[in-house]
Structure formats: structure tokens, C-alpha cells
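The values are calculated or read from the model by the stated rules, or taken from the named source; none is laboratory data. None of the values given here were measured: they were computed from a predicted structure. Using ideal geometry, Cβ is built from the backbone for each residue, glycine included, and neighbour counts are taken over all protein chains shown. Heavy atoms of the whole protein, side chains included, go into the accessibility calculation; ligands, DNA and RNA do not. Shrake-Rupley method; radii C 1.70, N 1.55, O 1.52, S 1.80 Å.
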Amino acid sequence: MKERNEKLMNDFWLRPAFQKNSVLGAKWKYLKKKATATLTTSLLLFFFLLAVSISSLAGWFDLAKYTGHSYQRVEGPTIEPQILEFPLDCGAWNQSNTCPRNYPKFYKPLNPNNSTCPEYFRWIYEDLKPWKETGITREMVEKAKRHAHFRLIILDGKIYVEKYNTKRFIQTRHLYTMYGIIQLLRWYPGKLPNLEIMFDTDDRPVIRSKDYRQPNSGPPPLFRYCSDWHSLDIVFPDWSFWGWAETNIKPWRSVINDIKQGNEITKWKDRVPFAYWKGNPHVSPIRKDLMKCNVTDKQNFNTLLYVQDWNDQSKKGFKESNLGNQCTHRYKIYVEGWAWSVSEKYILACDSPTLYIKPRYHDFFMRGMIPQLHYWPIRDNDKCRSLKFAVQWGNNNTDKAEAIGKAGSNFIHEDMKMEYVFDYMFHLLNEYAKLLKFEPEIPAEAVEICSESLACTSEGIWKKFMEEGLEKSPSYTDPCTLPPPYEPQEINSFIEQKIKATQQVEAWEDEYWNKKQ
């Protein structure tokens, strides 16, 4: 039992280091420029008397501290300040090949944000814990270079990138990751500190914690999309939040709205009472093994599993892979690919309980989700029978199953909306920058990047998604407030809750199958 609990503890990402709205309707302003002209005494007196006269009639509603203008209070709807937007300026880019300078460097939001960030933000501290005592030196950053696809520098509100061609880029992940960080600076201009990060856009983590167990061993800080319990890679939101052009998956703001509308088409109890999965089974052994659970004329594990051929879908114009049309079955299956899978967030968003096959890897938000509350855990070493039991349990306990599906979906639609994705990036980079023991510099081979340098040089759907994912105005609120780090007893209690919920499901499964013998 002790070994079993230790294994579960590892599965829930307690790596060794842990143990010792939309911008539409935005209301904001830039810092007002100091007045350069001196008003005469008579002009001052005139405006003072005018202000007193108007105040006696209606009173002033002062929006100057947000918009640089004042508005008179009148009966009826509140007068909104002018919406200031900064679309792509490809004309300027094509003419000079330099980034425009018209976007504001600072802003003051209309509505200060007093909300606290979702619970999963607390894992930021855990991911950065290996450097808490020593800080991050330039030597550590340089050690990460051999794994990285690019170095990204933020300096005085501008972004520079040094690309490394020693590693093959996978599709356009790197470009959309860079584009996402550019949008973060447009969302919160003037709020990001100077920093340097190394980023690896491959799937699997590479910084093994066992190689850095000695004090002052200086693990290299390397950013990527997922990690696991025995690695020190720093998890960051993946490229698909700004679109995955190669598979026709739109930016997150758009696709999450499509899925929300799709959820309303068929009520949960009217959906097909089977577990559904569609994907590429050839990328990992665990997916190939999953296909053995498919329904046939000789077996029925309550699953409907389909092969997704992306090349074929591309030829058909992706007509059969619209994520907004996926919410048709009572249960959705999540299974990892070569590592964690981008499909995770889309599957969880569907109001149907996600049957989550025990993962090895985690992304930035999954650690905040709890078995039996947000999803249903599935064994990885007995998938078929585990899936069959899950579907039968859900069909016999429809109210509870529906609640699990709704809770998981709400987590994605609310705690994972784009504003929180930006806030997670913001806090992670800020906490990381606090650890730097050196001044960031621009390497000789680095180039400045901006929305125009990436979007205006792209074509077709790649450009379309960048245009769609462009933040045209700063946020009208501040970032959410980062909650404090976990105390040791808190994180242990949280992990224990997940372990017990999983063990309870496994006990129910064992009891069910023992009675069948």
C-alpha cells in the first residue's frame, strides 16, 4: 500500500523538488501628456466659471483619470469613453520592415481587478521552486540553450528573439508561441519586467530533476508546454491558444465560443450514451492500446473510437473536425499522445464527463482539477474494463455524471478563459523575472518581433488566425491577484484529496468486476 501511495503521489506531480471582456467595450486611458502651453489668467477664470455653472446644473462625472476626457453626467445611459484600438499596420511594416511605435507603452485600467486568480496559479511557485534559494544566473540560462528552439528577451517593453536552428521546428508552434507573448504585452503594456527565457517547443520535458539534486547544482530554466513529476521544465500555455493553423483550430477566444454553442445543441441526457474519442492513434503506444477497446461484433466496452487522419481532413477542408460539433456523446475520452495533448482543453469543455486515462504529463492548468469533481479517472493498465465501468456507472447515476461533466466544462470556460491565460503568463513571467541575477541583454543575432513582423509576413490561414488572435487594445482591468504559495500541509492535503478520489473509483471498479466473475 505504501508503494502504491508513493506511485500515486508521483502521478499527481509531486516531483522531488516539491518535497524538500473580450477587449470589446474596453475602457482605459494612456498616461496624459503634460501640458505644454500656459493658460492665461483670464482663460483659467473663464473655464472655472464655466465649470461651476455646469456643475450646478448637472454635476461632473469625472472620467479624466481613465480616458483623458471629462463627461457630463446626464439622465439615461452612461456615456462610454472612446474605444481606442490598434489593428495590424501591415502597410507600415511592408514599407520599412520595422515594428510600429504607435501602441501605448503604458496604460491605466478603468476597473482595478480585486479578484484572486484561480487555484491552479499557485503551481507557478512550485514550478519555480528549484531556483527559489539560488536565483537564476546567466550561466543557468545559457545551459538551457542546448535544448531550446529560441531565446526570447523582453527589454523596455519590446520583444526580441534569437532562434536556434540546431533543432527542427515542429510546424509553426514557435511562431504562435512568440505571437502569444507579443499579445500579452499588448494586453498589459508597460507591466512586464525585463527578462530572458529559453523555450523548447518539443513535446516531452528534458530537464531531469535527478541530475540536479545537489545544493547549488543550478538546473537550467527551460520553458515548454508540459512537464512531469520527475522533471523541472517550466510549463507555459501552448501555442494553440492563438490558433493551430495546420489543423484548422481557431484561437481560444473563438473556439471556446464555438464549443459553448455546440454544448447547447444536444442536452447531455440526450447524447449518445457511449464514450467517444477521435484522434491519431499512431503517435504513442498508449493510444494504440486504447483502440483495442473499440466496440466490435465480439466485444462492447461502451466506447466509440475513431482514427483522425489530418492529411485527409486537410484535403476535405477540415469539414469533419469542427470542434464546435464534437459535443454529441455523453462521455469524452482523454488520452495522452507523444506527451500531453493539446486536445485536453477541448475535450474537457464539452459538458460531458471526461474519462481521463491516467496521465504521465501535466500542462499549466490540469493540476488544479480534481478526480470525481472535474473528471473521471481511468486506469492506464486496464483501460477497456475501466472505460466500460465508467460509462455504466454514469448511465446508472446520470445526475452525478452530468454534474461532473458540467464542473469540468465550467472550469475550462470560466477559470481558463483567455483573460486568465494571459494572467497566468503574466504572473509566471513576473515571478520568473524576480529570480534573475543578471541584467537581460539583446544578443547580436536577435531580432525585434511584433504582431506585424509575424502576421504581415504570413499567408492564408496562418495570417487569418494571427489577425483573429490579435489584441487590439489593452485590458480594461489589472491582472488577477496571485494567491500565496502552498504551505507544505496544504499541498499534501490537496494531493491526498486527488489520491483518495482515484482510489475510491478503482475500488468501485474492482468490486464491480469481482461480482462479474
FRET efficiency for Glu459 and Arg208, using Cβ-Cβ distance with R0 set to 41 Å, rounded to 0.05
0.55
Contour minus Cα-Cα distance for Glu414 and Lys132 (0.36 nm per residue)
98.4 nm
Modelling each spin label as a point 7 Å along the Cα-to-Cβ direction, I'd like the Lys319/Ala501 distance in nm, to one decimal.
4.1
Once you've got the Cα coordinates, tell me which of Lys105/Lys191; Lys267/Lys358; Lys345/Lys472; Lys250/Lys332 are over 19 Å apart.
Lys267/Lys358; Lys345/Lys472; Lys250/Lys332
Please report the spacing between the Cα centers of region 154-214 and region 356-375 in Å, no decimals.
24
Counting heavy atoms of the protein chains only and a 1.4 Å probe, report the per residue accessible area for region 297-408 as a whole number of Å².
38
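With the radius of gyration and the Kirkwood radius both derived from the Cα set of region 235-325, what is their ratio Rg to Rh? Mind dumping the intermediate values first?
Working: Rg = 15.4 Å, Rh = 15.3 Å.
Reported Rg/Rh (Cα atoms, Kirkwood Rh): 1.00.
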Plugging the Cβ-Cβ distance of Thr98 and Phe438 into 1/(1 + (r/R0)^6) at R0 = 22 Å yields, to the nearest 0.05, a FRET efficiency of 0.20
Scoring region 331-373 by relative contact order with C-alpha pairs under 8 Å, at least six apart, yields a percentage of 45
What accessible area per residue comes out for region 414-517, rounded to a whole number of Å², with a 1.4 Å probe?
48
Could you list which residues have their amide H under 5 Å from that of Ile159, counting only those 5 or more apart in sequence or on another chain, with H placed in the peptide plane?
Ile449
Enumerate the residues in region 403-431 having an amide nitrogen under 19 Å from the point lying 7 Å beyond the Cα of Asn113 toward its Cβ.
411-431
Using alpha-carbon coordinates alone, the radius of gyration and Dmax of region 179-259 in Å work out to 16.0, 49
Counting only protein heavy atoms and using a 1.4 Å probe, what share of the accessible area of region 188-288 belongs to carbon plus sulfur, as a whole percent?
48
Would you kindly calculate the translational diffusion coefficient of region 107-147, applying Stokes-Einstein with the Kirkwood radius from alpha carbon pairs, for 25 °C and a viscosity of 0.890 mPa s, and quote it in µm² s⁻¹ without decimals?
181
Ranked highest first by average number of other Cβ atoms within 10 Å, how do 153-159, 293-299 line up?
153-159, 293-299
Roll a 1.4 angstrom probe over the protein heavy atoms and tell me the percent of accessible area of region 347-429 that is carbon or sulfur.
45
Shape call, region 275-383: gyration tensor on alpha carbons, a/c limit 1.5
rounded
